[in-house]
Amino acid sequence: VQLQASGGGLVQAGGSLRLSCTDSGHSIRRSVMAWFRQAPGLEREFVAGISWGGGTTEYSDSVKGRFTISRDNAENTMYLQMNNLKPEDTAAYYCAASPFTIVRRTSNEYRFWGQGTQVTVSS
């Protein structure tokens with residue numbers, strides 16, 4: 001598994017971005033995948049996770065109703081559609097994967113990580 005995150009940028013509050021995470025190792029199909037984020041001086045926190053088949057999704061309370069996680073196993077890619085962005089969403093966003101059977105919310109349980117992609121929301 002070799003994860004590559006992309007799609008970050010600078011956006012005004014209320015705007016939208018879509019993050020992508022592609023596995024160039026072509027082996028994510030049996031992995032739970034998730035997005036985490038980390039703001040300066042804070043711990044890495046769970047944002048959203050999705051089961052390997054895509055049938056189960058979980059979200060943190062802070063993004064529920066605004067963000068949507070999805071995946072396309074044929075394209076070895078996971079997405080995070082972020083709508084109605086707020087300044088408090090500003091962080092480096094990381095994708096992660098691990099061969100779990102259920103979505104987990106603890107970052108140190110994930111085996112594979114992509115590099116971060118920066119999301120900055122201006123007020």
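The values are calculated or read from the model by the stated rules, or taken from the named source; none is laboratory data. Just so it is clear, the model here is predicted, and its values are computed rather than measured. Positions of Cβ are generated from backbone atoms using ideal geometry, with glycine treated the same way; all protein chains shown enter the neighbour counts. Surface accessibility is based on the protein's heavy atoms, side chains included, excluding ligands, DNA and RNA. Shrake-Rupley method; radii C 1.70, N 1.55, O 1.52, S 1.80 Å.
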Checklist entry - If you check Gly41, Gly7, Gly15, which single one turns out to be surrounded by fewer than 20 Cβ atoms within 10 Å (Cβ to Cβ) and either free of Cβ contacts under 8 Å to residues at least 12 places away in the same chain or touching a Gly at 6+ places or on another chain (Cβ under 6 Å) (or both)? => result Gly41
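Suppose the filter is in contact with a strand residue (DSSP E or B) (Cβ under 6 Å, 6 or more places away or on another chain), among the hydrophobic types (A, V, I, L, M, F, W, C) and outside any loop (DSSP other than H, G, I, E, B); does Val1 pass it? So that I can check it myself, show each step before the final result.
On the way: in contact with a strand residue (DSSP E or B) (Cβ under 6 Å, 6 or more places away or on another chain): yes; among the hydrophobic types (A, V, I, L, M, F, W, C): yes; outside any loop (DSSP other than H, G, I, E, B): no.
It is false that Val1 is in contact with a strand residue (DSSP E or B) (Cβ under 6 Å, 6 or more places away or on another chain), among the hydrophobic types (A, V, I, L, M, F, W, C) and outside any loop (DSSP other than H, G, I, E, B).
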Next on the checklist: Here's a check for you: in the range 55-103, which residue that is surrounded by 14 or more Cβ atoms within 10 Å (Cβ to Cβ), charged (D, E, K, R) and assigned to a strand (DSSP E or B) is modelled with the lowest pLDDT?
Outcome noted: Arg71
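For Ser24, are the conditions met, namely being under 22 Å from Val1 (Cα atoms), touching a strand residue (DSSP E or B) at 6+ places or on another chain (Cβ under 6 Å) and touching a residue at least 40 places away in the same chain (Cβ under 8 Å)?
Values: under 22 Å from Val1 (Cα atoms): yes; touching a strand residue (DSSP E or B) at 6+ places or on another chain (Cβ under 6 Å): no; touching a residue at least 40 places away in the same chain (Cβ under 8 Å): yes.
Spelling it out, it is not the case that Ser24 is under 22 Å from Val1 (Cα atoms), touching a strand residue (DSSP E or B) at 6+ places or on another chain (Cβ under 6 Å) and touching a residue at least 40 places away in the same chain (Cβ under 8 Å).
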Checklist entry - Could you list, in sequence order, the residues of the range 36-47 that are at pLDDT 95 or above and either closer than 15 Å to Gly114 by Cα or not small (Gly, Ala, Ser) (or both)? => result Phe36, Arg37, Gln38, Leu42, Glu43, Arg44, Glu45, Phe46, Val47
Next on the checklist: Condition first: in a loop (DSSP other than H, G, I, E, B), within 20 Å of Ser122 (Cα to Cα) and at pLDDT 95 or above. Can you find one or more residues in the range 15-35 that meet it?
Outcome noted: yes
Next on the checklist: Among the numbered criteria (1) over 15 Å from Val1 (Cβ atoms); (2) outside any strand (DSSP E or B); (3) open to solvent by less than 40 Å² (accessible area, probe 1.4 Å); (4) hydrophobic (A, V, I, L, M, F, W, C), which one does Val47 miss?
Outcome noted: (2)
Item to check | Trp52, sole failed condition from (1) open to solvent by less than 30 Å² (accessible area, probe 1.4 Å); (2) modelled with pLDDT under 95 | outcome: (1)
